[in-house]
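This report concerns only the one structure given below.
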Amino acid sequence: MFSAYAKIASQKYREVYGLDFEQFQVGQIFKHRPGVTVSQEDNKNEALSTTNFAQLHYDGNYGASTEWKQCLVVSTVTIKRVIGMTWKTFFKKLRIERFNSIAMLHPVFSGDTIYSESEILEIIISDSPDTGKILVETRGFNQSNILITKIQYVIAVYRQGKHPYYQSLAIENLEDRFSAYKNANNTLMEQSGLFFEDFNQGEIYEHFPSRKFYADESINNDLLALEWNPKYVNSNYYKQYFGLPLNPINEMSALTIVTTATTRTFGKVVANLEWKNIELKREVFPDEEFFTESEIIAKKESKSRPTQGILTVTTRAFDSSKSIVVSFERVLLVYRNNAPTYLNSNY
């Protein structure tokens, strides 16, 4: 078993990621989850932002006249996502050293859902005391399980205890509820989130990685949300009238970022039922970094939904001085381990 959490105190756990070099073996197959559904907007934005002159990706009229009868998803959309999905298993990589081959085997279109899996082909012993190398083949599939791409590459991965973040963090295998993978048919399928039964009242989960606020990201989110108050989106206005060089982060954006930081542990949530007791202790500014944790306050079974349960959770976000900046309670509807959702959706 490979654990998705490190126990750092009694009833306190920290999210962790990735395998050490020594934990990889030839023949292992890792199924990366979640998948991602690609839209034509994704396709168009990738092509235009990278100055891709092949109009097949963004001119629908032209695409309709080709053998595909529609726009074809650009290859870089596919391969970036297929490799990107591997990050949880290969978190402890130093870098990809080379790509041996990238084969595009089947077209991808708007509306397709892409899934990724990786097979360990070779363990390469290196002279480095800090890293070893592995030869990996990562394969992309669509929602019909058709192979769409195959990528072979070499990764340098940190040895046990050598990754800069994990040098001082002891990771031990915990109970089965904390497993990072579900083992089935000689494959290891990544898990995202805990089931309702896996939580206990009083437990605290530290969410990792931390989250940093960026000015451009915040302004873009505000504009898309129709929050056009110059306090948030006009730096000249804020500097002239409030005397500070950077606009504050919109309160709703701060609440959103803190909430989404919890979604690795609460990945099996059916729905948010309620936020309450929301406290924003001060304004938040770009380039600040938040560290988030959640405490299980209460749990109860759902009387009307036999495959779901209800959690009450307190989430707290700390700044670099360990002061609480944002805190709130939430009531969450969470899948139980008898829910058919994951089996039915290739999870």
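The values are calculated or read from the model by the stated rules, or taken from the named source; none is laboratory data. Given the structure is predicted, the values throughout are model-derived calculations rather than measurements. Cβ placement follows ideal geometry from the backbone for every residue including glycine, while neighbour counts extend to all protein chains displayed.
Could you say which residue among 137, 175, 206 is outside the structural domain of residue 111 (by TED's automatic domain parsing) and acidic (Asp, Glu)? Matching residue, one of 137, 175, 206: 206.
Residues are listed down the side, and each one gets a yes or a no for (1) of a type outside the set (Asp, Glu); (2) in contact with a helix residue (DSSP H, G or I) (Cβ under 8 Å, 6 or more places away or on another chain); (3) more than 21 Å from residue 315 (Cα to Cα):
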| residue | (1), (2), (3) |
| --- | --- |
| 183 | yes, no, yes |
| 192 | yes, no, no |
| 203 | no, no, no |
| 206 | no, no, no |
| 209 | yes, no, no |
| 214 | yes, no, yes |
| 227 | no, yes, yes |
| 232 | yes, yes, yes |
| 236 | yes, no, yes |
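Checked against (1) within 28 Å of residue 6 (Cβ to Cβ); (2) under 23 Å from the mean Cα position of the chain (by Cα), residue 275 passes all but a single condition, namely (1). On inspection, residue 38 fails the criterion of being in contact (Cβ under 8 Å) with a residue 60 or more places away in the chain and out of contact with any Lys or Arg (no Cβ under 8 Å at 6 or more places or on another chain). Once region 291-307 is narrowed to residues that are modelled with pLDDT of 95 or more and of a type outside the set (Asp, Glu), the residue that is farthest from the chain's Cα centre (by Cα) is 300.
Evaluated against (1) part of a loop (DSSP other than H, G, I, E, B); (2) touching a strand residue (DSSP E or B) at 6+ places or on another chain (Cβ under 8 Å); (3) over 30 Å from residue 3 (Cβ atoms), residue 285 falls short on exactly one condition, (2). Within region 1-37, if we keep just the residues that are touching a helix residue (DSSP H, G or I) at 6+ places or on another chain (Cβ under 6 Å) and part of a loop (DSSP other than H, G, I, E, B), the residue that is farthest from residue 345 (Cα to Cα) turns out to be 17. Restricting region 146-169 to residues that are over 19 Å from residue 97 (Cβ atoms) and either outside the structural domain of residue 104 (by TED's automatic domain parsing) or modelled with pLDDT under 95 (or both), which is surrounded by the fewest Cβ atoms within 10 Å (Cβ to Cβ)? If we take residues in region 146-169 being over 19 Å from residue 97 (Cβ atoms) and either outside the structural domain of residue 104 (by TED's automatic domain parsing) or modelled with pLDDT under 95 (or both), then 168 is surrounded by the fewest Cβ atoms within 10 Å (Cβ to Cβ). Scanning region 170-211 for residues that are of a type in the set (A, V, I, L, M), modelled with pLDDT of 90 or more and either part of a loop (DSSP other than H, G, I, E, B) or farther than 19 Å from residue 294 by Cα (or both) yields 180, 188, 189, 194.
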